[in-house]
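Below is one structure, written out as structure tokens, with a few remarks after it.
The values are calculated or read from the model by the stated rules, or taken from the named source; none is laboratory data. Here the structure is a predicted model, which means the values were calculated and not measured. When we count neighbours, we look across all protein chains shown, and the Cβ atoms used for this are built from the backbone with ideal geometry, even at glycine. Accessible surface is based on the protein model in full, side chains and every heavy atom, while ligands, DNA and RNA are left aside. Shrake-Rupley method; radii C 1.70, N 1.55, O 1.52, S 1.80 Å.
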Amino acid sequence: MEVFPQNHPVPFSKLLTFYRKEPFSIKAFYVGNIPYPDPFIGQYIIKDIKATPEGESAKVKVKVRVNLHGIFSVSSAALVEKLTAAEQEAAEEAAMDTSDNNADGAASGQQQNHVGNGSEVRLGKRKGDNNCSDQSLQRKLLAWFYSLKMIANDRQENERVDARNALEEYVYELRGKLSSEEELSQFVTENDRNTLCEELENLEDWLYTEEGEGCNRQLYVDKLSSLKGVGEPIKVRRLEYELRPTMLDDLGGSLQLARKAVDQWRTGDERFSHLTEAELQKVQQAIDSSNKWLEERRTTLNATPKTQTPSTTVAQINQERQNFESTVNPILSKPKPKAETPAPPNSDSTDGANSKEGQGDNSKENATGSEDKMDAE
């Protein structure tokens, strides 16, 4: 049976019940994936077990425990016997005598009786009968300690190997890109490239020496950090060179759109007719300032060789564009105010007009009637 499954709370104790007629043994094993070659924990012998007077199996309760460190042990065993009323009274007297001589009983391994409820009595917990010796416990602790030490050593070795592989990969990568015109060759001077390639070759040779194969992890990390301090600026110069034209064009495009909007306002375009003179003056000032900044940076960057770090980075160009757009866009995208709705005509005036119109119609009808009457005469 599985007593303590995986991820069971610790420390924890359980009481197992067995029915036996004679002494028996309990074997303990680990289950699942464990860091031990042998899952066997140990064998525990429960002694002084006999059948009941009726010849039936006796009830034995065994207490097992897992301590705070996950170590399993059998801590005690107790035999439960059913007694008659007379035997129960004798057992109580025996228990009193035994409690007086508790120290002697513990030294000699003598059985201690505990009277249970009704007709049950527990026959002493025999700590010496579980066969869990100090030497066995020490062996388990030693095996556990060495397994943890092996796990820690394996982790350290894996980290050391990973650090060596990272240094080796960077050496190969950087040396290959330095020798390619399409990669990093044009972004470093010839003297610096020759010096760096020689350093990379020496470092590669060192990696395959006895010292380079067996040194500690930190030495690999330090050498990789030092090498990146030389190689990464070259990679950054290439990246800046490739991204810079797009960033400059984006800023120029924003300036062009703003100029077009100002020209349309001056020609009376309905889309911008609601903007004030002060707002358009603010837009024009932002255009002039950013355009001046852009032209100065273009001139400086065009004169900077590829082997030098540029004075203006791609991030700075992008930031200038964002600042310009945050100034002009809220003005140029300002919505036109809604036209005022005309007030409805006065109801009294309307009624008066209707009355006059009605009177005019009646007069006209009367005049027509008179004419008809005259004709009839």
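For the reader, a short list of remarks on this structure follows.
- Take residue 219: with every protein chain present and a 1.4 Å probe, its accessible area is about 60 Å².
- Accessible-area ranking of 235, 338, largest first, probe 1.4 Å: 338, 235
- Percent of C-alpha pairs per 5 Å bin in region 129-190, short distances first: 3, 14, 11, 9, 9, 7, 8, 7, 6, 6, 5, 4, 4, 3, 2, 1, 0.
- Span from the region 1-54 Cα centroid across to the region 208-254 one, whole angstrom: 61
- Its convex hull of Cα atoms gives region 224-346 a direction-averaged projected area, equal to a quarter of the hull surface, of 11.7 nm².
- Formal net charge of residues neighbouring residue 12 (Cβ-Cβ distance under 13 Å; K, R +1; D, E -1): +3
- Each peptide among 158-168, 24-34, 274-284 gets the average number of other Cβ atoms lying within 10 Å of its residues, and from highest to lowest they stand as 158-168, 274-284, 24-34.
- Simple label model, 7 Å out from Cα along Cβ direction - residue 6 to residue 299, nm: 7.2
- The distance between label points at residue 30 and residue 166 comes to 3.1 nm (points 7 Å beyond Cα on the Cα→Cβ vector).
- Separation of alpha-carbon centers, region 255-288 and region 62-82, rounded to whole Å: 90
- Label-to-label distance for residue 205 and residue 306 is 3.1 nm, based on points extended 7 Å past Cα in the beta-carbon direction.
- Most to least accessible of 312, 267, 300 (protein chains only, probe 1.4 Å): 267, 300, 312
- Considering every alpha-carbon pair of region 171-212, the percent of pairs per 10 Å bin, from zero through the bin containing the longest distance, is 30, 49, 18, 4.
- Evaluating 6.51 cos²θ - 1.76 cosθ + 1.60 at θ = phi - 60° for every residue in region 25-31, the Karplus couplings come out as 10, 10, 9, 10, 9, 7, 10 Hz, glycine and proline recorded as x.
- Theoretical gain in end-to-end length, residue 315 to residue 236 [0.36 nm per residue, Cα-Cα removed]: 27.2 nm
- Beyond 28 Å in Cα-Cα separation lie the following of the pairs 61/140; 47/149; 61/149; 235/260; 228/292: 47/149; 61/149; 235/260; 228/292.
- Sorting 1, 247 on solvent-accessible area from highest to lowest, probe radius 1.4 Å, gives 1, 247.
- Residue 146 sits with roughly 120 Å² accessible to a 1.4 Å probe, with DNA, RNA and ligands left out of the calculation.
- Note on residue 173: accessible area approximately 70 square angstrom, rounded to 10, probe 1.4 Å, nucleic acids and ligands left out.
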